Amino acid sequence: MSPINPATLLRQLRWRYATKKFDPSRKIPPENWRALEEVMVLSPSSYGLQPWKFIVVNDPATREQLVPVSWGQRQVAEASHLVVIAIKKHLTAADVDAHIQRAATVRGVPAGSLASYRTLMIRDLIEGPRSLTVNFWAANQAYIALGNLLTSAALLGIDTCPLEGFEPPQYDQILGLAPRGLAATVACALGYRAADDKYATASKVRFAAHEVLEHI
C-alpha cells in the first residue's frame, strides 16, 4: 500500500474551502460516496466508543425544511449530499457493553478479557465526574469525525461546507432524533462548487506557521 505524497495532501487541503454555493446539478458518483460513508465509519473516537450517528439526509423536501433553521444557508438543500452528525445523548453502561461486545467479536476474544477496559470507561464516562458533561465529550468526538470527513472529501476532489449555523432543536424535531436519544451537533454539505461561487478563488486566510506552531 502506497500512501499519498505530501505534495498531493497539501495541494488538496489548499484547494478545499467552506463552499458557499454548490452546483445542484452535479452529484457525487456512487463509488465516491460509498468511500465517504466508509470514511465516516472508520472515524476515530475516544475509547473507540463512536458515540454518534451519521444521518444522511436524502429527501429533497426534508432538506428544504432544514434551510430556514440553517440560517437560510442554501448549501443544505443544494449540495449533492447532506450529513448531520448527531451524538448519542447520556451514554449508559449499555453503550459501553455494546462496544465491548463488538470489540470481542471483531478481535475474536472473550468479552471477559476486556473487563478492565470496560471498568475504565464506566468509571470515567458513566460514573465519574465526566458523566456530568458526557454530552460535551460526545460532541468533541463528533468534530473528530467531521474533520476526518472534510479531509477525505478534499482528497477525492469533493467540496464540503461544515455547518454549525443551524438550530439544533429544530433539526432534532425535523429529523425525528430526540425520541431516539440523538441530538444534532454539526452538519456537512458535500458536492461540487458552483462556477460563480466567489469564495472559491478567495485567498485562504491562516496565521503564519510560527504563530500557531511551537516546538519545545
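Throughout, read-outs are computed from the coordinates displayed, never taken from laboratory work. Treat the numbers as computed from the prediction; the structure is a model and nothing was measured. Counting neighbours? That spans all protein chains shown, and the Cβs are built from the backbone with ideal geometry, glycine included.
For this structure, a couple of remarks:
- Matching residues in the stretch 96-109 - criterion: being of a type in the set (D, E, K, R) and either surrounded by 13 or more Cβ atoms within 10 Å (Cβ to Cβ) or not in a helix (DSSP H, G or I) (or both): ASP97, ARG102
- Residue in the stretch 115-138 that is closer than 30 Å to PHE22 by Cβ, outside any loop (DSSP other than H, G, I, E, B), among the β-branched types (Val, Ile, Thr) and out of contact with any Phe, Trp or Tyr (no Cβ under 9 Å at 6 or more places or on another chain) present: no
- Those residues of the stretch 173-216 which are free of Cβ contacts under 8 Å to residues at least 40 places away in the same chain and touching a Pro at 6+ places or on another chain (Cβ under 9 Å), in sequence order: ALA178
- The listed residues are GLY157, GLY128, GLY191, and the only one of them that is surrounded by 15 or more Cβ atoms within 10 Å (Cβ to Cβ) and among the small types (Gly, Ala, Ser) turns out to be GLY191.
- Number of positions in the stretch 125-171 that are among the acidic types (Asp, Glu) and touching a residue at least 24 places away in the same chain (Cβ under 8 Å): 2
- When the helices (runs of 4 or more DSSP H) confined to the stretch 13-95 are screened for residues that are at positive phi and buried (at least 16 other Cβ atoms within 10 Å of the Cβ), none reaches at least 2 such residues.
- Top-ranked residue of the stretch 160-188 - restricted to ones that are of a type in the set (D, E, K, R) and assigned to a helix (DSSP H, G or I), ranked as surrounded by the most Cβ atoms within 10 Å (Cβ to Cβ): ASP172
- Test: residue in the stretch 150-159 that is touching a Gly at 6+ places or on another chain (Cβ under 9 Å), within 30 Å of GLN12 (Cα to Cα) and not acidic (Asp, Glu): yes
- Restricting attention to the stretch 18-35, the residues that are within 28 Å of ALA139 (Cβ to Cβ) and touching a helix residue (DSSP H, G or I) at 6+ places or on another chain (Cβ under 6 Å) total 2.
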